[in-house]
Amino acid sequence: MPQTPNPTTYRVSWYSDFEASSPLEAAQQAYEQLQSYAERDTWPPVLDVTDEAGGATVVIDLNERGADA
C-alpha cells in the first residue's frame with residue numbers, strides 16, 4: 001500500500017448572513033443550509049480554506065470544479 005504524506009490540518013470556513021430572532025435561530029438556519037448542500041442539484045458554497053501550520057488562506061469555489069469534482 002502506498003504511503004500517504006503527513007496530513008495537514010486545514011480550517012474550512014463558510015460565511016452567510018441570516019435574519020433571525022435569536023442567535024439560536026440563526027444557527028439553526030445555518031445548519032439547515034449546510035445540510036441542503038448535501039442534496040443533489042444544489043449550489044455549494046464558496047469556502048475559505050486556511051492551512052493551520054502556515055496560515056495561508058485559499059478561496060475555493062467548488063462550482064468552478066465542474067460536475068466531476
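The values are calculated or read from the model by the stated rules, or taken from the named source; none is laboratory data. Everything quoted here is computed from the prediction, not taken from an experiment. Counting neighbours? That spans all protein chains shown, and the Cβs are built from the backbone with ideal geometry, glycine included.
A few remarks follow.
- Condition met for Gln33 (surrounded by 13 or more Cβ atoms within 10 Å (Cβ to Cβ) and under 21 Å from Leu62 (Cα atoms)): yes
- Matching residues in segment 57-69 - criterion: being surrounded by 10 or more Cβ atoms within 10 Å (Cβ to Cβ) and not charged (D, E, K, R): Thr57, Val58, Ile60, Leu62, Asn63
- Scanning segment 29-37 for any residue that is more than 11 Å from the chain's Cα centre (by Cα) and modelled with pLDDT of 95 or more turns up at least one such residue.
- Candidate set from segment 1-30 (those that are surrounded by 10 or more Cβ atoms within 10 Å (Cβ to Cβ) and among the small types (Gly, Ala, Ser)); member that is farthest from Ile60 (Cα to Cα): Ala20
- Candidate set from segment 38-55 (those that are over 17 Å from Phe18 (Cα atoms) and among the aliphatic types (A, V, I, L, M)); member that is modelled with the highest pLDDT: Val49
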